[in-house]
1. Mind checking which aspartates and glutamates have their Cα closer than 18 Å to the Cα of LYS128? Skip sequence neighbours fewer than 8 apart in that chain.
2. Give me the Debye-computed log₁₀ of I(q)/I(0) at q = 0.14, 0.20, 0.22, 0.25 Å⁻¹ for the stretch 108-157, equal point scatterers on Cα only, no solvent, two decimals.
3. Mind checking which lysines have their Cα closer than 26 Å to the Cα of LYS51? Skip sequence neighbours fewer than 8 apart in that chain.
4. Per residue of the chain, what 222 nm ellipticity follows from adding -39500 (n - 2.57) for every DSSP H run with n ≥ 4, rounded to the nearest 500?
5. What ³J(HN,Hα) values, in whole Hz, does the Karplus curve 6.51 cos²θ - 1.76 cosθ + 1.60 give for the stretch 34-40 when θ = phi - 60°, with x put for Gly and Pro?
6. Around LEU133, what is the net charge, scoring Lys/Arg as +1 and Asp/Glu as -1 over all other residues with Cβ under 15 Å from its Cβ?
7. Quantify, in whole percent, the carbon and sulfur part of the accessible surface of the stretch 8-149 (1.4 Å probe; protein heavy atoms only).
8. In degrees, nearest 10, range 0 to 90: what is the angle between the Cα axis of helix 2-21 and the longest Cα principal axis of the chain?
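The values are calculated or read from the model by the stated rules, or taken from the named source; none is laboratory data. Source: prediction; values computed, not measured. Ideal geometry is used to build each Cβ from the backbone, glycine not excepted, and the neighbour counts take in all protein chains shown. Areas reflect the complete protein model, heavy atoms only, side chains present, ligands, DNA and RNA absent. Shrake-Rupley method; radii C 1.70, N 1.55, O 1.52, S 1.80 Å.
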Amino acid sequence: MAQKQEKLLWLLLVVASLVYSSMDPVADRLTWFMETVPVMIAIPILLVTHKSFPLTLISIRLIAVFALILIVGGHYTYAENPLFNWIQDSFDLARNHYDRLGHFVQGIVPALIARELLLRTTLLQRGKWLFFLVCAVSLAISACYEFIEWWAAIINAQAAEAFLGTQGDNWDTQWDMFLALMGSIVAQLSLAPTQDKQLRDLLD
């Protein structure tokens, strides 16, 4: 029961944050929409599947945290996050690194979800091949997101500037995918035991 209550609290927090973030976003409504649309897609999917295929609590927590990162990014844009602007100024950094945080977590969340799905729906066992495939899935998802950013820039370069958040870095795309890969590796090395325990409890 406690897990159900926590999942509900995460849902309410994400929905409330999404609504609040839509009020007078820093950039414009289109940028806000492009940044937060993954959250709008994920919420209905999770609501529809939560009874037939409930995810572990650790996966739900990470999905919610990632959703909040996207929502904050949608409101402020990734180049103008106030906290990371302060960090940039305080440590004399070349850029606002909120975007880097987002792409690192973009590796963590798909990794844990992919790992859970592969263990529950295939004959794949824990080990090197699972680790490799989870990393590959996370990297593929990151690459697909870069495709979306590329297409957005082609369609409307001016509107996509805040969405891309490159901040003048010619290697931004490579950094994004590298950080997602690192996130998938860190997630598996640090969170797999917790996920395995929750999987056993969930499937018993």
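1. Reachable aspartates and glutamates: GLU116, ASP196.
2. -0.44, -0.66, -0.73, -0.85
3. Result set, ordered by chain and number: LYS4, LYS7, LYS197.
4. The helix-only estimate for the chain comes to -27500 deg cm²/dmol at 222 nm.
5. For the stretch 34-40, the Karplus-derived couplings read 4, 6, 9, 4, x, 5, 5 Hz, x marking Gly and Pro.
6. Values: positive: ARG115, ARG120, ARG126, LYS128; negative: GLU116.
Result for the neighbourhood of LEU133: +3.
7. Values: 5580 of 7400 Å².
Carbon and sulfur together cover 75 percent of it.
8. The helix 2-21 is inclined about 10 degrees to the chain.
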